[in-house]
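Have a look at the structure below before the remarks.
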Amino acid sequence: MDHASSAAHVLLIADDRSAGDPYRGALEVGGYAVRQAESFVDVLGSSMPDPDVVVLYDLAVFAYPGQAALVVRISSRMTPDELVAEVHRRIALRATLYATSAQA
């Protein structure tokens, strides 16, 4: 998470850019810094820091060595608002896990 702006970075990978646009817009309205790409290869060497969450739209597989980001797959019936709620939930769960681990 970018502590300077306190916005979590989301990488939205959608092989159909126009289909991913409503999800990108909803995430941005939800307060996230979003980068949209058609494939993971498209973001290699980009200026975006490591994402906090990777959102996949209509993709079968995603993983890379050293992957630390949460991965959320958009289901066939998920609305943009439901995606934002799921991303919020995952980030909150991760923060709670980290806080609990730090106290142990």
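Listed conditions (1) surrounded by 11 or more Cβ atoms within 10 Å (Cβ to Cβ); (2) of a type in the set (Asp, Glu); (3) at pLDDT 75 or above are all met by Asp16, apart from (1).
Within region 74-104, being surrounded by 15 or more Cβ atoms within 10 Å (Cβ to Cβ) and either modelled with pLDDT under 85 or part of a strand (DSSP E or B) (or both) holds for Ile74, Arg94. Can you pull out the residues in region 77-91 that are free of Cβ contacts under 8 Å to residues at least 40 places away in the same chain and within 15 Å of Leu11 (Cα to Cα)? Result: Glu86, Arg90. Quick check on region 5-24: of everything there that is in a helix (DSSP H, G or I) and in contact with a helix residue (DSSP H, G or I) (Cβ under 7 Å, 6 or more places away or on another chain), which residue is nearest to Arg94 (Cα to Cα)? In this case the residue turns out to be Tyr23.
Here the condition is being over 12 Å from the mean Cα position of the chain (by Cα), closer than 21 Å to Arg89 by Cβ and modelled with pLDDT under 75; of Phe40, Phe62, it holds for Phe62 alone.
The values are calculated or read from the model by the stated rules, or taken from the named source; none is laboratory data. Predicted model, so just to flag it, every value in this text is computed and none were measured. Neighbour counts are summed over all protein chains in view; Cβ atoms, including those assigned to glycine, are modelled from backbone coordinates with ideal geometry.
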